[in-house]
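**Student:** Here it is, the structure, as structure tokens.
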Amino acid sequence: MELADIREKAEILREIKKELEIPKYESEEIEELCENLGSNNDFIVNLNCGSYRFIAVNSIDDIYETAIQELVEDCYFVNDEAPWWIAIDWEQTAQNCLQDGYAHTFAFYDGKEHIVSEYYIFRIN
């Protein structure tokens, strides 16, 4: 890892710590975050103050649309098939559900949405 990359990740870690009000990181938490930042679009990290889901800004719309589709299918579909009377535009349905942000879908613990660097961050427990 190059020095510039290390500095960039250190700055992101400081921003995450401040935004999430984390008292301190454990060494394994820093390692896990550094492994995932920049290389994964959707990951979960267990920190000493709770578990957080990180979703890249450039991937959130697709991940959100998939989550809404799964939610609707769980409620209305039988044997993975839509009832004959349902024709769904998933992109429009996701946009209709996105009135108050992504936190209602992803932040199970506190309903809050955080944005740090290129990631949305949601507490999930």
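**Student:** So the check is Cβ under 6 Å with 6+ separation or different chains; which pairs have a first residue in region 99-119 that's farther than 22 Å from GLN69 by Cβ and modelled with pLDDT under 95 and a second one that's of a type outside the set (Gly, Ala, Ser) and assigned to a loop (DSSP other than H, G, I, E, B)?
**Tutor:** From region 99-119, the pairs are TYR109/ILE124; TYR109/ASN125; GLU118/VAL57.
**Student:** While we're looking at this one, here's another question. Given the conditions (1) under 18 Å from the mean Cα position of the chain (by Cα); (2) part of a loop (DSSP other than H, G, I, E, B); (3) surrounded by 14 or more Cβ atoms within 10 Å (Cβ to Cβ), and given that TYR25 satisfies all but one, which numbered condition is not satisfied?
**Tutor:** Here TYR25 meets the rest and fails (1).
**Student:** How do the strands (runs of 3 or more DSSP E) wholly within region 39-119 filter down when requiring 3 or more residues that are within 13 Å of the chain's Cα centre (by Cα) and surrounded by 14 or more Cβ atoms within 10 Å (Cβ to Cβ): which remain? Break it down into steps so the answer makes sense when it comes.
**Tutor:** Numbers: elements: 42-47, 50-56, 114-116.
In region 39-119, 42-47, 50-56 are the strands (runs of 3 or more DSSP E) which contain 3 or more residues that are within 13 Å of the chain's Cα centre (by Cα) and surrounded by 14 or more Cβ atoms within 10 Å (Cβ to Cβ).
**Student:** Yes or no: LYS17 surrounded by 14 or more Cβ atoms within 10 Å (Cβ to Cβ), touching a Cys at 6+ places or on another chain (Cβ under 6 Å) and not aliphatic (A, V, I, L, M)? Lay out the reasoning, then the answer.
**Tutor:** Details: surrounded by 14 or more Cβ atoms within 10 Å (Cβ to Cβ): yes; touching a Cys at 6+ places or on another chain (Cβ under 6 Å): no; not aliphatic (A, V, I, L, M): yes.
Considered against the rule, which asks whether it is surrounded by 14 or more Cβ atoms within 10 Å (Cβ to Cβ), touching a Cys at 6+ places or on another chain (Cβ under 6 Å) and not aliphatic (A, V, I, L, M), LYS17 comes out as no.
The values are calculated or read from the model by the stated rules, or taken from the named source; none is laboratory data. Please read all numbers here as calculations on a predicted model, not as lab measurements. Don't worry about glycine lacking a Cβ; one is built from the backbone with ideal geometry, like all the others, and counts go over all protein chains shown.
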